[in-house]
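Chemist: I'd like to ask you about the structure that follows.
The values are calculated or read from the model by the stated rules, or taken from the named source; none is laboratory data. Keep in mind that this is a model prediction, so the values were computed, not measured. All Cβ positions, even for glycine, are placed from backbone atoms using ideal geometry, and neighbour counts span all protein chains on display.
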Amino acid sequence: MADYHSPTVVQPVISGTDMTPLERLLRGLVFDTDEQDGGMYLHSWCGPSDVVTLPIGDLHAAWEAAPLNENTCVGTHVAALLAKHDAEAGDDPLGDIDIDLTESGNGWDRMFQDIVRRSATIDEIVVTTSFTCTKMRPDGFGGSVMLITADAIRYRSTTEILEEF
């Protein structure tokens, strides 16, 4: 059986002050984190998590900790999830909730774009990914790069770059 991996690194290091409490909570579930140069270096040996699960109480606490949440893509998405959960379960703080970060406009890439828009020090975030496989499969290798600015999210895979050549 072949195992596919997508090791990923995010540059630059992102200061915790550039993130809302909700973004800080999600960042640690989507990526692995290491403290570095006064911020967090984000990476993943197998690829970012697209669906994260966390206790409903933790999500409520992160949501309520910052008024900025209502002006962010992921904040709007989480507000809708919390409203739906609360309508169905009442004020029960028990249980877990899944957050699908693959839904259009609600992904971690949009979260990074919100960070760039607010940050006084970050003009862009670059996400570099390699595609690897434990077997020598023709479709198991390559990579991609994503450039996230306040105005755009640009993405190209090595396949797309080769097609452009």
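Chemist: Hey, can you tell me all the residues within the stretch 120-130 that are surrounded by fewer than 18 Cβ atoms within 10 Å (Cβ to Cβ) and either of a type in the set (Phe, Trp, Tyr) or more than 20 Å from Thr159 (Cα to Cα) (or both)? Explain how you work it out, then say what you get.
Modeler: Restricting attention to the stretch 120-130, the residues satisfying the condition of being surrounded by fewer than 18 Cβ atoms within 10 Å (Cβ to Cβ) are 120-121, 123-124, 126, 128, 130.
Residues satisfying the conditions are Ala120, Thr121, Asp123, Glu124.
Chemist: Something else now. So which pairs qualify, if the first residue must be in the stretch 128-150 and in contact (Cβ under 8 Å) with a residue 60 or more places away in the chain, the second must be among the β-branched types (Val, Ile, Thr), the Cβ gap must be under 6 Å, and the two must be at least 6 apart or on different chains?
Modeler: Listed pairs, sorted by first residue: Thr128/Val9; Thr128/Val145; Thr129/Thr8.
Chemist: Got a sec? Which of Asp109, Asp96, Asp58 is surrounded by 11 or more Cβ atoms within 10 Å (Cβ to Cβ), farther than 20 Å from Ile14 by Cβ and out of contact with any Ser or Thr (no Cβ under 9 Å at 6 or more places or on another chain)? Spell out the reasoning first.
Modeler: Values: Asp109 fails: farther than 20 Å from Ile14 by Cβ; Asp96 fails: out of contact with any Ser or Thr (no Cβ under 9 Å at 6 or more places or on another chain).
The conditions single out Asp58.
Chemist: If you don't mind, another one. Given the criteria modelled with pLDDT under 95, exposed (fewer than 11 other Cβ atoms within 10 Å of the Cβ) and touching a strand residue (DSSP E or B) at 6+ places or on another chain (Cβ under 8 Å), does Thr102 qualify? I'd like the intermediate steps shown before the answer.
Modeler: Numbers: modelled with pLDDT under 95: yes; exposed (fewer than 11 other Cβ atoms within 10 Å of the Cβ): yes; touching a strand residue (DSSP E or B) at 6+ places or on another chain (Cβ under 8 Å): yes.
It is true that Thr102 is modelled with pLDDT under 95, exposed (fewer than 11 other Cβ atoms within 10 Å of the Cβ) and touching a strand residue (DSSP E or B) at 6+ places or on another chain (Cβ under 8 Å).
Chemist: I've got another one for you. With the structure loaded, tell me whether Glu23 is part of a strand (DSSP E or B), among the acidic types (Asp, Glu) and closer than 23 Å to Ala120 by Cβ or whether it fails that test. Before you say what the answer is, go through the steps one by one.
Modeler: Working: part of a strand (DSSP E or B): no; among the acidic types (Asp, Glu): yes; closer than 23 Å to Ala120 by Cβ: yes.
The answer is no for Glu23.
Chemist: Please work out which residue is farthest from Glu124 (Cα to Cα), limiting yourself to the stretch 1-18 and to residues that are of a type in the set (A, V, I, L, M, F, W, C) and modelled with pLDDT under 90. So that I can check it myself, show each step before the final result.
Modeler: Within the stretch 1-18, the first condition is being of a type in the set (A, V, I, L, M, F, W, C), and the residues that meet it are 1-2, 9-10, 13-14.
Restricting the remaining residues to those that are modelled with pLDDT under 90 gives 1-2.
Working: Met1: 38, Ala2: 35 Å.
The extreme case among them is Met1.
Chemist: Has the stretch 56-65 got any residue that is at pLDDT below 85, touching a Pro at 6+ places or on another chain (Cβ under 8 Å) and not aromatic (Phe, Trp, Tyr)?
Modeler: For the stretch 56-65, residues at pLDDT below 85, touching a Pro at 6+ places or on another chain (Cβ under 8 Å) and not aromatic (Phe, Trp, Tyr): present.
Chemist: OK, next. When you look at Val13, is it in a helix (DSSP H, G or I), hydrophobic (A, V, I, L, M, F, W, C) and touching an Asp or Glu at 6+ places or on another chain (Cβ under 8 Å), yes or no?
Modeler: Working: in a helix (DSSP H, G or I): no; hydrophobic (A, V, I, L, M, F, W, C): yes; touching an Asp or Glu at 6+ places or on another chain (Cβ under 8 Å): yes.
No, not satisfied.
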